[in-house]
Every structure is written in C-alpha cells, then in structure tokens.
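The values are calculated or read from the model by the stated rules, or taken from the named source; none is laboratory data. These numbers were taken from a predicted model, which means no experiment stands behind them. Positions of Cβ are generated from backbone atoms using ideal geometry, with glycine treated the same way; all protein chains shown enter the neighbour counts.
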Amino acid sequence: KQEVTQIPAALSVPEGENLVLNCSFTDSAIYNLQWFRQDPGKGLTSLLLIQSSQREQTSGRLNASLDKSSGRSTLYIAASQPGDSATYLCAVKSGGSRLTFGEGTQLTVNP
Amino acid sequence: GAGVSQSPSNKVTEKGKDVELRCDPISGHTALYWYRQSLGQGLEFLIYFQGNSAPDKSGLPSDRFSAERTGGSVSTLTIQRTQQEDSAVYLCASSLEQGRVQDTQYFGPGTRLLVL
C-alpha cells in the first residue's frame, strides 16, 4: 500500500526567503507525482505534475524535483511572498486511478 | 473555461438522514473522482468513474455510501443514514482521460458536510 509523508507539517518564514517542502513515498512504482495548493475553505489547485520519467518541473517561482528511486520529491519556492501562504499537498499516482495524498505542509509567509 | 463545480457548498444534516452531493466536472473530461478530507486527516480516495461506469469503488467506507454518474457528466454521491463520523469535506475532481501518464486532476471547491 502506497504511503505518502510530508515534512514539515507546518512552516513559518519571513517574506523573501527561499524554502523547500519535502514529500516521500513508500512505493517507487509511480506514474506521476503532483503538487497541489489548498487555501482555507477552498478546493485544491494543481501546481506542478511530474511524470515518472521526469526529474523536475518548473513554473514561475516553483520548482519540483522527483527522485523516484529514493521515493522523494521536493517543492522549492523561491522568494516567498505572503500570498504563498497555504497548505501544500503532495500526491502520487501509482497504479489504478487514485491519487494518494500526504497530509500536507501548512506554510505561512510573514510580511 | 468553467472548472469543476460542486453543490451544495455547505450541508448541515441530522444523524440518520440521507444526503446527496453533486459534482459537475469540466466539460469533456471523461474521468471523475470523489475524495474525502476529514479534519486532521489527509485526503482519501472514495470512487472513480470512467464515463458512466465505476471501475474502482474500493475507497467507499461502507455500504451507506454510493455514487452514480449519468450521461458521462454529472455525478451524485449519496450517503444514507448519515453518522457523525461522515462529517468531512467531500471533494470531486475530473481529468481528461484516466490512464494518461500526464493526466492532471482538477478539483472542485468541495462540499462541507456536518452531521449533527
């Protein structure tokens, strides 16, 4: 059974700092890995999707990397802003239809 | 274009009552998913539709939960005889076609269910 873990559970940083969120998964046989953002009381917004054959994906100030063999992914956020404050969720697709989610990292960026 | 929509946005019900939650996927998306997010827990998969059929129902927690999809579009998740532990946010997602490696799931805003 696939299990996804995210560290840290919560993170508070000053504005402008670069930061890294971590995700690990137990079964390396994945199709893809997706990073989402969830704002309070809202649904999930897809940020980046990395296919199993890829090593990284970039979108603006976000960069996600994937090391499938070690079961790890990182989300790098450059020059953080208060508007980046949200919960960040990592999810893997590893056979079948479902996504398996981590419990998220709650990020607060202080002005 | 329009995203995934869900209704109602909030639902308060009494223990023992039945509830229906609705999901309108993105037009043209053949795959539809239901997830549940309980307080203090992560998102858990409930059921997946490809077209009108549900090849994977393995996440439904009990036989009180059922779902259907008609016309390859709208889906309804029904919870019968609700219990307090059913209180959660129910999220619906759709994707263009299940099985593509690059398939991104797009999520709706969710229905917040509170069972008193």
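Summary table
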{"item": "Answer residue from region A:15-74, given it is farther than 28 Å from residue B:109 by Cα, among the basic types (Lys, Arg) and surrounded by 15 or more Cβ atoms within 10 Å (Cβ to Cβ) and is nearest to the other protein chains (Cβ to nearest Cβ) among those", "result": "A:68"}
{"item": "Top-ranked residue in region B:9-55 [being within 14 Å of another protein chain (Cβ to nearest Cβ) and hydroxyl-bearing (Ser, Thr, Tyr); ranked as nearest to residue A:42 (Cα to Cα)]", "result": "B:9"}
{"item": "Members of region B:63-77 that are at pLDDT below 95 and among the small types (Gly, Ala, Ser)", "result": "B:71, B:72, B:73"}
{"item": "Tally, over region B:66-89, of residues that are more than 23 Å from residue A:89 (Cβ to Cβ) and in contact (Cβ under 8 Å) with a residue 40 or more places away in the chain", "result": "11"}
{"item": "Residue match in region B:61-74 (condition: surrounded by 16 or more Cβ atoms within 10 Å (Cβ to Cβ), of a type in the set (Asp, Glu) and out of contact with any Pro (no Cβ under 6 Å at 6 or more places or on another chain))", "result": "no"}
{"item": "Some residue of region B:78-89 being at pLDDT 90 or above, closer than 19 Å to residue B:4 by Cα and away from chain A (no Cβ under 14 Å)", "result": "yes"}
{"item": "Residue match in region A:51-69 (condition: hydrophobic (A, V, I, L, M, F, W, C) and at positive phi)", "result": "no"}
{"item": "Single residue of region A:75-111 satisfying the filter (over 14 Å from the mean Cα position of the chain (by Cα) and buried (at least 17 other Cβ atoms within 10 Å of the Cβ)) that is modelled with the lowest pLDDT", "result": "A:97"}
{"item": "Hey, residue A:109 within 18 Å of residue A:22 (Cβ to Cβ), away from chain B (no Cβ under 11 Å), touching a Pro at 6+ places or on another chain (Cβ under 6 Å) and β-branched (Val, Ile, Thr) or not", "result": "yes"}
{"item": "Qualifying residue in region B:90-102 (condition: on the phi > 0 side of the Ramachandran plot and in contact (Cβ under 8 Å) with a residue 60 or more places away in the chain)", "result": "no"}
{"item": "Residues of region A:85-96 classified as away from chain B (no Cβ under 14 Å) and either without any contact (Cβ under 8 Å) to a residue 12 or more places away in the chain or farther than 29 Å from residue B:34 by Cβ (or both), total", "result": "0"}
{"item": "Checking residue B:63 against (1) more than 23 Å from residue A:88 (Cα to Cα); (2) part of a strand (DSSP E or B), the condition it does not meet", "result": "(2)"}
